[in-house]
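Asker: The following block contains the structure, expressed as structure tokens.
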Amino acid sequence: MYKLFLVEDDENIAAAVCRRAENWGLETRAVQDFRNVMGEFAAYQPQIVLLDVLLPCFDGYHWCTEIRRVSKVPIIFLSSVSDNMNIVMAMNLGADDFIAKPFDSGVLMAKVQALLRRSYDYAGTAPLLEHRGAFLDTGDNSLRCGDETVSLTRNEYRILLCLMENKGKVVSREKLMQRLWETEQFVDENTLTVNVNRLRRKLESAGLRDFIATRFGVGYIVE
């Protein structure tokens, strides 16, 4: 089941769109915290996003830009400010379509379904893991923080992936070593330490200080 993420501050419109989308077989979620759109986006992992332009805190163009930094998910704007300038701006920022309010919900759902088919019939979706504004893309093994993309080695990526998959939980050194080398054979623990320290330096250079914490005698944690 495809998941639709709606960023709309009009509760009546949001409720109506979600009901109609669910009738068309989509799972839906409307944003709750307009200051944390990206956090909710990453947690929900939607296959399509519907965005209003005029929103509390930051406008839809801001959130479109932020989503495009980390994801190629289809984006449709829904807005009453539908003059040519706003439509062109939306498309230039990476939107896939722009639908003017008021709109026919049947037409909206037809466009959503068409965009989903074009985007996913021949391509799967890769999870996006988020923590403290950093996004780990498991599709291309990249880490993005703001405007910066952090280059990761294979081992650094595997360490960070394991920690972010278990966010809030301590991951033992033994589990990390098994994940690194995909084996139960003994490996030198110093090698793990070197990789973790190098990863920490890269994270700090991107402004992510203390991103990975040590639990002495146990392992590491992202929290």
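The values are calculated or read from the model by the stated rules, or taken from the named source; none is laboratory data. On a predicted model such as this, the values are computed, not experimentally measured, just so you know. Cβ placement follows ideal geometry from the backbone for every residue including glycine, while neighbour counts extend to all protein chains displayed.
Asker: Restricting to region 3-31, name every residue that is outside any helix (DSSP H, G or I), charged (D, E, K, R) and over 21 Å from the mean Cα position of the chain (by Cα).
Answerer: Asp10
Asker: Write out, first by first residue and then by second, each pair whose Cβ atoms fall under 6 Å of each other, whose residues are 6+ apart or on separate chains, and whose first residue, in region 193-204, is part of a helix (DSSP H, G or I) and basic (Lys, Arg) while the second is crowded, with 17+ Cβ neighbours inside 10 Å and at pLDDT 90 or above.
Answerer: Listed pairs, sorted by first residue: Arg200/Ile212.
Asker: Being within 18 Å of the chain's Cα centre (by Cα), surrounded by fewer than 16 Cβ atoms within 10 Å (Cβ to Cβ) and on the phi > 0 side of the Ramachandran plot is the requirement here; does Gly139 meet it?
Answerer: So Gly139 does not fit the description; no.
Asker: Do you know which residues across region 3-39 are small (Gly, Ala, Ser) and either surrounded by fewer than 20 Cβ atoms within 10 Å (Cβ to Cβ) or out of contact with any helix residue (DSSP H, G or I) (no Cβ under 9 Å at 6 or more places or on another chain) (or both)?
Answerer: Within region 3-39, Ala14, Ala15, Ala16, Gly25, Ala30, Gly39 qualify.
Asker: Working carefully through the options Ser80, Ser71, find the one that is more than 21 Å from Gly39 (Cα to Cα) and in contact with a strand residue (DSSP E or B) (Cβ under 8 Å, 6 or more places away or on another chain).
Answerer: Ser80
Asker: Oh, and also: In this structure, is Asp137 of a type in the set (Asp, Glu) and within 25 Å of Leu54 (Cα to Cα)?
Answerer: In short, no.
Asker: Would you mind stating whether Leu152 is modelled with pLDDT under 90, closer than 30 Å to Asn36 by Cβ, in contact with a helix residue (DSSP H, G or I) (Cβ under 9 Å, 6 or more places away or on another chain) and surrounded by 13 or more Cβ atoms within 10 Å (Cβ to Cβ)?
Answerer: Criteria met by Leu152.
Asker: For region 70-83, how many residues are more than 20 Å from Asp9 (Cβ to Cβ) and modelled with pLDDT of 90 or more?
Answerer: 2
Asker: What number of residues within region 206-216 are at negative phi, in contact (Cβ under 8 Å) with a residue 12 or more places away in the chain and under 22 Å from the mean Cα position of the chain (by Cα)?
Answerer: Number of matching residues: 4.
Asker: Turning to a different aspect of this structure: Can you name the strands (runs of 3 or more DSSP E) wholly within region 40-115 that have at least 3 residues being touching a residue at least 24 places away in the same chain (Cβ under 8 Å) and buried (at least 17 other Cβ atoms within 10 Å of the Cβ)?
Answerer: The strands (runs of 3 or more DSSP E) meeting that bar are 48-51, 75-79.
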